[in-house]
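Following: one structure in C-alpha cells, then a few remarks.
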C-alpha cells in the first residue's frame with residue numbers, strides 16, 4: 001500500500017481543490033514527514049503522477065508568485081475518490097506492521113461511517129489474531145522463542161507487536177463505539 005497516495009488523496013479531498021503547497025503544509029502540520037515517506041519531493045511527485053493516472057484533475061490557475069512554473073491546483077476525479085476510499089478501508093483493516101499506513105488511515109477514518117470503521121477495525125483484529133497464530137505455529141512449532149537463540153527475538157517482537165496492536169485496536173473500537181469523534185454523516 002502506498003501511504004503517500006492515501007495521504008495526498010486525503011489532503012486534496014479535504015480541500016476540495018488544493019495546490020501542492022497546501023497539501024505539503026497539511027502533511028507537515030500532521031507530522032507526516034516524521035512518520036511516513038511524505039517528503040516534499042514525494043508529495044509533488046505523487047500529485048503529478050496521480051494526475052497523469054487520472055486520479056487527480058490538474059488545473060493551472062495562474063503564474064507562480066515567485067517566478068516558477070504556473071501554480072497548479074488538484075482535485076479528485078471519480079477514480080481518485082474510489083482509490084482514496086479503497087486505500088483508506090484497506091489501511092484500517094490491515095494488520096500491516098508499518099505504522100505509517102495505519103497512521104494515515106487514522107487521520108482520515110472520520111471520512112467513513114462510524115459503523116464501517118468499527119467493522120474494519122474488527123477485521124483488523126481478526127487478521128492480527130490469524131497472523132499471530134501463523135507466526136507461533138510456523139516459526140515456533142512448539143519451541144519457545146528463547147530456544148531459537150537471538151533469532152527468537154524476532155519472533156518475540158512479532159508476538160508482542162501483535163498483542164500490543166490488538167490491545168490498542170480493541171481500545172479504539174471501544175472509544176469509537178462509545179461516541180468518540182464525529183464521523184461522516186454525523187455533523188460537526
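Only the coordinates and a few stated rules stand behind these numbers; no lab work does. The structure presented is a predicted model; accordingly, all values stated were derived computationally and were not measured. Note that each Cβ is placed from the backbone with ideal geometry, even for glycine, and that neighbours are counted across all protein chains shown.
I need the shape label for region 3-88. Rule: rounded when a/c is under 1.5, else prolate if a/b > b/c, else oblate, with a, b, c from the alpha carbon gyration tensor. It would help to have the intermediate numbers written out before the result.
Working: a/c = 1.88, a/b = 1.16, b/c = 1.63.
Oblate, since a/c reaches 1.5 and b/c is not below a/b.
Does a label point 7 Å from the Cα of residue 90, set along Cα-to-beta-carbon, have any residues of region 16-49 with amide nitrogen under 18 Å, and which are they?
37-38, 46-47, 49
Where does helix 3-15 land angle-wise versus the long Cα axis of the chain, in degrees 0 to 90, nearest 10?
The angle comes out near 50 degrees.
What full-extension length gain, to one decimal in nm, is calculated for residue 79 and residue 175 as 0.36 nm per residue of separation minus the Cα-Cα distance? It would help to have the intermediate numbers written out before the result.
Details: separation 96, 0.36 × 96 = 34.56 nm, distance 3.22 nm.
The residue 79-residue 175 span can extend by a further 31.3 nm.
Helix 114-134 versus the longest principal axis of the chain: what angle, 0 to 90°, nearest 10, using Cα atoms?
Once rounded, one gets 40 degrees.
Is the shape of region 1-50 best called rounded, prolate or oblate, per the rule: a/c under 1.5 gives rounded, else a/b larger than b/c gives prolate, else oblate, with a ≥ b ≥ c the square roots of the Cα gyration tensor eigenvalues?
Rounded.
Using Cα atoms only, what is the angle between the long axis of helix 99-108 and the major principal axis of the chain, expressed in degrees (0 to 90) to the nearest 10?
50 degrees
Compute the relative contact order of the chain as a whole-number percentage, counting only Cα pairs closer than 8 Å that sit 6 or more residues apart in sequence.
Worked out over the chain, it gives 19 percent.
Measuring from label point to label point, each 7 Å out along Cα→Cβ, what is the residue 110 to residue 129 span in nm?
Taking the two extended label points, one gets 3.1 nm.
Relative contact order for region 81-133 using alpha-carbon pairs under 8 Å, separation at least 6, rounded to a whole percent?
43 percent
Which entry is the computed P(r) over Cα pairs in 5 Å bins from 0, in percent for this structure: (i) 1, 8, 16, 20, 22, 18, 10, 4, 0; (ii) 2, 8, 15, 22, 18, 12, 9, 6, 4, 2, 1, 0, 0, 0; (iii) 1, 8, 14, 16, 16, 13, 11, 8, 6, 4, 2, 1, 0, 0?
Checking each listed value against the structure points to (iii).
In nm, give the distance between the simple-model label positions of residue 119 and residue 157, each being 7 Å from the Cα along the Cα-to-Cβ direction.
3.6 nm
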